[in-house]
Each structure stands twice: as structure tokens, then as C-alpha cells.
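Working notes, beginning with the structure itself.
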Amino acid sequence: MPRWRPRPGHEQAAPRASRAALLVLADGRFPAGGHAHSGGAEAAVKAGRITGPGTLEAFCRGRLHTSGLVAAALAAAATAGLDPLLLDEAADARTPSPSLRTTARKLGRQLTRAARAAWPSPELDALAAARPQGAHQPVVLGLTVRAAGLTPLDAAHAAAYESVTGPATAAVRLLSLDPFAVTAVLARLTPDLDEVAAQAAEAAHRALDEGMDVLPAASAPLLDIYAEQHATWPVRLFAS
């Protein structure tokens, strides 16, 4: 898989922040609201599809290569400089579940608040004004990474990482799994994380010249079904 590299005419501006900013974004204490969401894990646990570390790993790998890839590409594209409003529409088109679209916008609105406090940016301000209900979280993440002076590949890594850590953390709480075993699951997924991030960043690079249609549109129908079912539960531990 080729690694993303800027081509002449598409170079990123010199970073204004160190890559430690990426650690801040990935830190569970960053107030972006993700801790309240399971990424489909709660419904998968109830359905008996996640029962332990092995099935959690399979779930996370599947999520990473579908919805995780889509999110990573959208984030990378926003960092690369594609129109965030058009990317937000592209995110809508790639999210068939109404519940997941609502969740993505809620998370985007919360991330916007946190990002504007940490890395003030005219682009984040403009997106907040254009999408007061919240833009899709991956698009906001990409603009946040851009505001922090990082690269599309950094954005793709952050989005890919989020796509698996949310379900992994939720599974610890839902099933009382051994945190060390769950950390080992994430460690085994690191080659896949690198692969997905590189693929997403390369797609974002191509989209600069070829348009939004080259961005991944991988589907995860079971996650969509779980999201719609989960939204009807009267009692649940996670918001989604």
C-alpha cells in the first residue's frame, strides 16, 4: 500500500504544532464526547457477537476496514483542504443509518467546541456557523488536525484509532473484560491501523484532483442495523 505524500501544488503548510497534538486528540480526557458512545459494541454484545477478546478483535477489525476507513478518509480529506461542507454532504451519503448520522453530528458539535478552545481556527469557526447542528465528526476532526498544523495522514491515523478504541473501551465496561487482554487486542490491530490510515490518506490525496467520488464508501450493514435497534432501547449504558 503506497504511503500518502504531498505532491507539488498540494503541500501542507509547515506544522504549527508538534505531533504531541495528536496525542492530545487521542487522549480519552479530550472532551469530545466519545466516551459516551460504544461504536456499536453495546448492541453487538447484546446480540452475542462480542463475548470476549477474540470476538472483540474480529468486531474491531471489521469496523476499522469499513466505517473506520470511511471516517479516516473524510478526516484526511478535510485536513488536505477539501471543502468541509461538501465533505459533510459526502459523509451523509456514506451513513445510511439515521441514528448514526445523528450521532456523528452530535459528536461533531462537541468536538467543534473542544477544538475551537484548543486550536482556534477560522475554518472551524466557519464550519460551526454553517452547521450549527454539528458537522459529521470525521470532518470536524480533519479540520482540527489541520488547525493543529498536522497532516492528512495524522488525521487518518486519529480517525482509524478512534474507530477501534471506542468499542474496545466499551467492551471492558460491558463485559468486565480484562483491560490487559483488550490492550493486547488493540496492539494486534496496529498493522491494520497503519494500512487503513495509509489507504485513507492516499484517497484524500487523489480526491484533491479527482473529486469526492474517489473517497472510500465501504459499507457495514450490520452496524447500521445495530444502530437503529440500539436507538429504540429504553435502557442502555451508551448513547450509541
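Read-outs: derived from the displayed coordinates by stated rules, not from any lab. All values reported here derive from a predicted model rather than from experimental measurement. So basically every Cβ, Gly included, is an ideal-geometry build from the backbone, and we count neighbours across all protein chains shown.
Just a few scattered comments:
- Nearest-ten-degree value, helix 152-175 long axis tilted from longest Cα axis of the chain: 10
- Other residues with beta-carbon under 10 Å from the beta-carbon of Ser38 carry, at +1 per Lys or Arg and -1 per Asp or Glu, a net charge of +1.
- Evaluating 6.51 cos²θ - 1.76 cosθ + 1.60 at θ = phi - 60° for every residue in the range 51-56, the Karplus couplings come out as 10, x, x, x, 6, 5 Hz, glycine and proline recorded as x.
- Residue-by-residue Karplus 3J(HN,Hα) for the range 69-85, coefficients 6.51, -1.76, 1.60, Hz, glycine and proline x: 5, 4, 4, 5, 5, 4, 5, 4, 5, 5, 5, 5, x, 5, 4, x, 5
- For Tyr226, Tyr161, the sequence from fewest to most other C-beta atoms within 10 Å is Tyr161, Tyr226.
- Order of Leu143, Leu74, Leu222 - criterion: other Cβ atoms within 10 Å of each residue's Cβ, fewest first: Leu222, Leu143, Leu74
- Relative contact order of the range 106-240: 17 percent, from C-alpha pairs under 8 Å at least 6 residues apart in sequence.
- Sorted by Cβ neighbour density within 10 Å, fewest at the top, the residues Asp213, Asp92: Asp213, Asp92
- Helix content alone sets the calculated 222 nm mean residue ellipticity of the chain: runs of n ≥ 4 DSSP H residues at -39500 (n - 2.57) each, divided across all residues, give -20000 deg cm²/dmol.
- Karplus-based coupling profile of the range 86-101, in residue order and whole Hz: 5, 5, 5, 5, 5, 5, 4, 5, 9, 10, x, 7, x, 5, 6, 5, with θ = phi - 60° in 6.51 cos²θ - 1.76 cosθ + 1.60 and x standing for Gly or Pro.
- In this simple spin-label approximation, Ile225 and Asp27 carry label points 7 Å from Cα along the Cα→Cβ vector, and these lie 4.1 nm apart.
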